[in-house]
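Let me begin by presenting the structure, written as C-alpha cells, before commenting on it.
Computed from the coordinates by the stated procedures, all read-outs in this text should not be read as laboratory data. For clarity, every value in this text was computed on a predicted model and none was experimentally measured. Here the Cβ positions follow ideal geometry from the backbone for every residue, glycine too, while neighbour counts run over all protein chains shown.
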C-alpha cells in the first residue's frame, strides 16, 4: 500500500480533538548518487504545524547499527531497546532509537489492529498512534496510567488528555 493511503487510513481514525492538529509525514532525500554518505530517509510527526518528533534511518544506523527497533515486527536485524537508565532526561526518544523504517512498519500494521492490541502493543510507536485514536474515549483516558510508558507515547498521551479533558 502506498504511503499516502497508509497515512490517510491512520489519520482518519484520529479523535476529533487531534484530527486537524496532528499529521504524519515520510520522505526520502536521495543524494546517494553524488555522495553515498549523504543519504537520509526520515519520517516525522507534526502537531499544530510544528515538527514534534522525527525518525531518521541514518541516525538509527549510525547510533544503533540497525534500522529496526526490537519492538518492530520485522524479519530484518533489530537493535535492543534503550534501557530506562540509558535515557537522556527530557528526550522523547534517544537519537536514532526509532527509524523511518520502524515508523512505516508500525503505520502499515496499525490499521489492522484492534484497539486493545494497539494500546498494549510493545511498540512505543504503535502505542503513540493508539493514543490519537478516536476509540480511546474520555473514560478510558482518565483511567489510564502513564507511569510505565515510554516517553514518546507518554508525550502524545498527555497532549491528547489535555485536549480532551479541558
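Please find the FRET efficiency linking residue 77 to residue 165, where r is the Cβ-Cβ separation and R0 is fixed at 35 Å, and quote it to the nearest 0.05.
It comes out at approximately 0.25.
Do me a favour and compute the ellipsoid semi-axes for region 39-92 from its Cα gyration tensor, root of five times each eigenvalue, largest one first, whole Å.
21, 16, 11
Expressed as an acute angle from 0 to 90° and rounded to the nearest 10, what is the orientation of the C-alpha long axis of helix 100-109 relative to the principal long axis of the chain?
40 degrees
Taking the mean number of other Cβ atoms within 10 Å as a proxy for protection, how do you rank 149-158, 77-86, 133-142 from highest to lowest?
Highest mean packing first, the order is 149-158, 133-142, 77-86.
Hey, what angle do you get for helix 151-164 against the long axis of the chain, alpha-carbon based, 0 to 90 degrees rounded to 10?
Value to nearest ten degrees: 40.
For the pair residue 95/residue 21, report the inter-label distance in nm, with labels modelled 7 Å from Cα in the Cβ direction.
3.0 nm
Could you state the principal axis extents of the C-alpha atoms in region 1-130, from the largest down, to the nearest angstrom?
Each principal axis gives a Cα extent; for region 1-130 these are 43, 36, 31 Å.
Among 17, 117, 99, what is the fewest-to-most ranking by other Cβ atoms within 10 Å?
Starting with the residue having the fewest Cβ neighbours, the order is 117, 17, 99.
Restricting to Cα pairs below 8 Å that are 6+ residues apart, what does the relative contact order work out to for region 9-166? Please round to a whole percent.
Rounded, it is 21 percent for region 9-166.
Note down, for region 65-166, the three equivalent ellipsoid semi-axes (square root of 5 times each alpha carbon gyration tensor eigenvalue), biggest first, whole angstrom.
After scaling each eigenvalue by five and taking roots: 24, 17, 10 Å.
Summing -39500 (n - 2.57) over the DSSP H runs of n ≥ 4 in the chain and dividing by its residue number, what mean residue ellipticity at 222 nm do you reach, to the nearest 500 deg cm²/dmol?
It lands at -10000 deg cm²/dmol.
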